[in-house]
Amino acid sequence: MLGFLSARGVSLPRMLAVIIPATFIGVLVGALSVAWRGKNLADDPEYQRRLANGEVKANESSAPAQQANLRKARGSMILFVIGIVAVVLIGIFPALRPTYQVITDGGVDTDQVSMGYAIMIVMIAVSGLTMILFRASPEKAIKGTIMRSGITAIISILGISWLGSSFFEGNRGAIVAAISTLVKVYPISFALGMFLLSTMLFSQAATVSLMVPVGQALGLPTAMLVAFYPACDGLFFVPTYGTLLAAVSFDQTGTTRIGKYLLNHSFMRPGLVTLAVALVISVGLSKLLIS
């Protein structure tokens with residue numbers, strides 16, 4: 001987004017001044033929209049059924065062994081956060097990535113570790129330190145529900161993304177033309193176009209790279225393009241994205257679910273509320289901060 005709009009005088013601080021408050025408040029309101037939804041676990045029939053069948057364990061008392069595990073868990077989490085901070089710093093300051101020499105036919109060239117490899121190096125190092133310092137068990141990690149859910153999510157992301165991309169690429173001309181025609185008549189529909197396209201592509205970056213040039217070609221104001229940026233996050237609408245499936249798997253209580261009619265899932269209400277609130281706020285902030 002910044003690459004497309006920098007020529008129009010949009011800087012990263014100004015863009016973040018719009019997007020971060022809008023999306024942060026949107027997420028808070030979206031969470032509040034479902035904060036008191038559903039029954040307490042003591043009255044939830046699905047949870048009680050799973051509890052009676054031994055599918056889920058009730059909360060245990062804080063025994064000394066549990067306290068020791070809690071300290072290890074907290075230490076592991078702190079180490080993980082340090083790894084995330086390191087990755088962010090490496091991304092902000094590329095000079096932190098090490099360089100190395102490559103022998104070629106023309107002599108010796110200097111190359112730099114790519115960002116993708118840098119992320120893998122940092123996170124694998126974090127995993128190793130977690131096993132050494134906090135006695136994390138690789139065997140338990142592989143057999144645990146989180147690993148199974150993660151593998152399911154990876155397969156879902158790859159499969160569904162390929163399916164969505166194949167459908168779009170096969171119909172790219174018709175889809176982009178239809179959206180462009182609608183935006184010409186109703187410029188506000190640009191947000192709807194970004195939302196619908198993101199539900200098919202399962203990628204915010206791909207949606208931006210396709211839609212923003214269309215908006216520029218149609219002469220949409222810069223403030224409008226920035227304001228509608230949150231609309232490219234429609235990945236929750238169809239509950240086939242990896243993180244949604246992983247969330248359903250992680251919740252052993254059975255209260256996070258995908259409904260019988262597919263679209264009546266646990267993420268629909270908070271997703272729509274978050275998106276609507278973020279768009280309203282970003283429109284207001286864009287008018288004030290983006291020329």
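Every number here is computed from the coordinates shown, using simple stated rules; none is lab data. Given the structure is predicted, the values throughout are model-derived calculations rather than measurements. Neighbour counts are summed over all protein chains in view; Cβ atoms, including those assigned to glycine, are modelled from backbone coordinates with ideal geometry.
For the chain, what is the calculated [θ] at 222 nm in deg cm²/dmol (nearest 500), taking -39500 (n - 2.57) for each run of four or more DSSP H residues and dividing by its residue count?
-21500 deg cm²/dmol
Working out 0.36 nm times the residue gap between LEU263 and GLU46, then minus their Cα-Cα distance, what length gain in nm do you get to one decimal?
76.1 nm
Of (i) 59, 40, 39; (ii) 64, 63, 40; (iii) 61, 38, 28, which is the value of Cα extents along the principal axes in Å derived from the coordinates here?
Recomputing Cα extents along the principal axes in Å here gives the entry labelled (ii).
Work through the residues other than PHE267 whose Cβ is under 14 Å from its Cβ and net out their charges, Lys, Arg +1 and Asp, Glu -1.
+1
Using mean Cβ contacts within 10 Å as the protection proxy, how do 27-34, 50-57 order, highest first?
Taking the mean over residues of other Cβ atoms within 10 Å, the ranking is 27-34, 50-57.
Putting +1 on Lys and Arg Cβ atoms and -1 on Asp and Glu Cβ atoms, find which of ALA125, VAL212, VAL273 reaches farthest to the positive end of the dipole of the chain.
Final value for the positive-end residue is VAL273.
Explain nothing, just the number: relative contact order of segment 63-136, from Cα pairs under 8 Å at least 6 residues apart, as a whole percent.
34 percent
When only C-alpha pairs under 8 Å and at least 6 residues apart count, what is the relative contact order of segment 11-128, in percent?
Contact order relative to length: 15 percent.
Which of the peptides 219-227, 90-98 is most tightly packed, and how do the rest follow, going by the mean number of other Cβ atoms within 10 Å of each residue?
In decreasing order of mean packing, 219-227, 90-98 become 219-227, 90-98.
May I ask you to compute the full-extension gain from ILE146 to ALA17, defined as 0.36 nm times their residue separation minus their alpha-carbon distance, rounded to one decimal in nm?
Between ILE146 and ALA17, full extension yields an extra 42.9 nm.
Give me the distance in nm between label points sitting 7 Å out from Cα along the Cα-to-Cβ direction at SER165 and ARG135, one decimal.
Taking the two extended label points, one gets 4.4 nm.
Ordered by residue, what ³J(HN,Hα) values in Hz, to whole numbers, does segment 124-133 give under the Karplus form 6.51 cos²θ - 1.76 cosθ + 1.60, where θ = phi - 60° and Gly and Pro are x?
5, 5, 4, 4, x, 5, 5, 5, 6, 7
Assuming 1.567 mPa s and 4 °C, estimate D for segment 178-264 with Stokes-Einstein, Rh taken as the Kirkwood radius over Cα pairs, in µm²/s.
For the chosen part, D equals 91 µm²/s.
Name the residue farthest towards the positive end of the dipole of the chain from the options VAL18, GLY116, THR222, assuming +1 on Cβ of Lys and Arg, -1 on Cβ of Asp and Glu, about the Cα centre.
VAL18
Quote the relative contact order of the chain in percent (integer), defining contacts as alpha-carbon pairs under 8 Å separated by 6+ residues.
After rounding, I find 30 percent.
Pick out which of GLY106, GLY38, GLY26 has the largest mean-square fluctuation in a Gaussian network model of the chain, springs linking Cα atoms closer than 10 Å.
Result: GLY106 has the largest fluctuation of those listed.
At 7 Å along the Cα-to-beta-carbon direction for both SER33 and LEU158, put a label point, then send me their distance in nm to one decimal.
So the label points at SER33 and LEU158 sit 3.4 nm apart.
Using a Förster distance of 35 Å, how high is the FRET efficiency between ILE103 and ILE82, based on the Cβ-Cβ distance and rounded to 0.05?
0.50
Once Lys and Arg get +1 and Asp and Glu get -1 on their Cβ, which of LEU2, PHE80, TYR100 lies farthest toward the positive end of the dipole of the chain?
My answer, from the dipole projection, is PHE80.
Can you compute the modelled spin-label distance between LEU218 and MET120, with each label point 7 Å from Cα toward Cβ, in nm?
Spacing of the two 7 Å Cα→Cβ label points: 4.0 nm.
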